[in-house]
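Trainee: Before anything else, here's the structure in question.
Please treat every number below as a calculation from the coordinates, not as lab data. Predicted model only: the values in this text are computed from it and were never measured. A quick note on method: Cβ atoms are made from the backbone with ideal geometry, for glycine too, and the neighbour counts reach across all protein chains shown.
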Amino acid sequence: MPNIASSEKRVRTTAKRTAINTSRRTRVRGFIRKVEEAIKSGDKKAALAALKAAEPEIMRGVTKGVLHKNTGSRKVSRLSKRVAKLS
């Protein structure tokens, strides 16, 4: 444990930010999972709706620093491609 006040505060701040970032990352993964489940079921309408909900959530993760910009773009791109493949 740190003895200096500022480093004690950094420990508290880091713990708080870690909790927030973990919940954001979990939320993004949940939205991605919903799209993948809709793709697996073969329901194009549901997949499109899930993708429409997931895309802003993924990009929000990018702006909040949970995901890298290119990672977010890659995930959206690959999901879009898989949804478009559905007949």
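Trainee: Can you flag which of 16/40; 45/69; 9/52; 16/44 are past 32 Å Cα-Cα?
Mentor: 16/40; 9/52; 16/44
Trainee: Mean Kyte-Doolittle of at least -0.5 plus a Cα span of 15 Å or more along the axis: flag which DSSP H helices in the chain meet both, please.
Mentor: Helix filter hits for the chain: 44-63.
Trainee: Something else now. Can you give me the distance in nm between label points at residue 5 and residue 49, each placed 7 Å from the Cα along the Cα-to-Cβ direction?
Mentor: 5.5 nm
Trainee: What's the magnitude of the charge dipole for the chain around its Cα centre, counting Lys and Arg as +1 and Asp and Glu as -1 at the beta-carbon? Answer in Debye, nearest 20.
Mentor: Approximately 120 debye in magnitude.
Trainee: Then there is this: If R0 is 25 Å, what FRET efficiency do you get for residue 40 and residue 70 from their C-beta distance, rounded to 0.05? Don't jump to the answer; show the numbers that get you there.
Mentor: Numbers: r = 26 Å, r/R0 = 1.03.
Computed FRET efficiency for residue 40 and residue 70 comes out at 0.45.
Trainee: Let me ask you something else. Could you tell me how many cubic angstrom of Cα convex hull volume the chain has per residue?
Mentor: On the way: hull volume 7.4 nm³, N = 87.
Taking only Cα atoms, the chain has a hull volume of 85 Å³ per residue.
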